[in-house]
Amino acid sequence: MLQFRNRVISIHPLFGPRSFNENDLRNVVFVTDISPAGSIKLVKQLFQGFNVIEMTASEHDKLAAKVQVAPYLISILANLVNSNTDLKTRSKKILEMMAGISIEQNWNVLLDTIARNPFSMDILKEIEEKIKQLGGELSDSGSDLWLKH
């Protein structure tokens, strides 16, 4: 992104058509180290009533890994483990909602978001470590897993 420095106003709206009307989800990231000096004023004018958050390109990528890549990866996992049964439970309903994130998103955009973020592998490794940790705790007889949370 830095090759565009001072040539574009770099923003990343963190809302879509379904979340636009939810005030707490109307966030716009303004990338400071790419955008021309003083362009924050224009962005705040264009996005009056929105939460405009200023950050560097690297901070943006780290944030995007946490708020987009992690949910996408977990959603893909939810799709892979979601059992095909008519029996409904609250937990299964939540799992289906999580799976829905990757079903409803354009698959190419989803994969591109994951593949192009330099911090995606950090998130994937963190998820992998948590799964291994959970597996180890569950395999221990007499585990106090449930007391830790």
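Read-outs: derived from the displayed coordinates by stated rules, not from any lab. It should be emphasised that the depicted structure is a prediction, and the values quoted were computed from it without experimental measurement. When we count neighbours, we look across all protein chains shown, and the Cβ atoms used for this are built from the backbone with ideal geometry, even at glycine.
Note on Arg18 and Leu42: the extension gain reaches 6.1 nm, defined as 0.36 nm multiplied by sequence separation minus the Cα-Cα distance.
Full extension of the segment from Asp33 to Gln133, taken as 0.36 nm per residue of separation minus the current Cα-Cα distance, would add 32.2 nm.
Inter-part distance, region 102-134 to region 43-60, computed on C-alpha centroids, equals 24 Å.
Which longest uninterrupted range of the chain lacks any trypsin sites (Lys or Arg not before Pro) assigned by DSSP to a loop state (not H, G, I, E or B) and surrounded by at most 14 other Cβ atoms within 10 Å? Result, exposed sites excluded: 19-87. Around the amide H of Val52, modelled in the peptide plane, lie the amide H atoms of Val28, all under 5 Å away and 5 or more residues distant in sequence or on another chain. The sum of -39500 (n - 2.57) across all DSSP H runs of n ≥ 4, divided by the residue count of the chain, sets its helix-only mean residue ellipticity at 222 nm to -15500 deg cm²/dmol. Qualifying GluC sites (Glu not before Pro) in region 2-67, where qualification requires a DSSP coil assignment and no more than 15 other C-beta atoms within 10 Å, comprise Glu22. The orientation-averaged projected area of the convex hull spanned by the Cα atoms of region 58-141 comes to 6.8 nm². Projected onto its three principal axes, the C-alpha set of the chain covers 60, 31, 30 Å, listed from the longest axis down.
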